[in-house]
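Colleague: Starting off with a structure, shown below.
Here, each number is a calculation from the coordinates, and none is a lab measurement. These numbers come from a predicted model, not from an experiment. Here Cβ is always computed from backbone atoms with ideal geometry, including for glycine, and neighbour counts include all displayed protein chains.
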Amino acid sequence: MVWSTSNRRAALPRDWPRIRRRILRRDKGVCTAVFSDGRQCGRPATDVDHIVPGSDHRDANLRALCGWCHAHKSASEGGAAAGLRAVSSARPTPTHPALED
């Protein structure tokens, strides 16, 4: 399970279970993810997602998602973050000797 290797659970507020129930109730237990064609997922929501990752646990930054949509969003965020941390091994583009001064 993903949570078993993550330290993010420790960053959640102590009353996270109450917040989670409130968000799932607010969103009527339905996944609120919107696909690229404009359709809403609509599957039963099992997770509460931070729209903008971080420590903002206000209701406006939380939404209900199904497990698939939450995993997809988390994976894309993780990939983007890993790309920012990656060290570039690209060499500088050499100039042609005839163009050097």
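Colleague: Sorting check: for 67-73, 55-61, which peptide has the highest mean count of neighbouring beta carbons within 10 Å, and how do the rest follow?
Modeller: 67-73, 55-61
Colleague: Would you mind working out the magnitude of the charge dipole of segment 15-76 relative to its Cα centre, with +1 at each Lys and Arg C-beta and -1 at each Asp and Glu C-beta, to the nearest 20 Debye?
Modeller: Charge dipole, segment 15-76, about its Cα centre: 280 debye, nearest 20.
Colleague: In square nanometres and to one decimal, what's the mean projected area of the convex hull around the Cα atoms of segment 15-76?
Modeller: 4.2
Colleague: Check residue 33: other-chain or 5+ apart residues with amide H under 5 Å from its amide H, H built from backbone geometry?
Modeller: Result for residue 33 returns 41, 42, 66.
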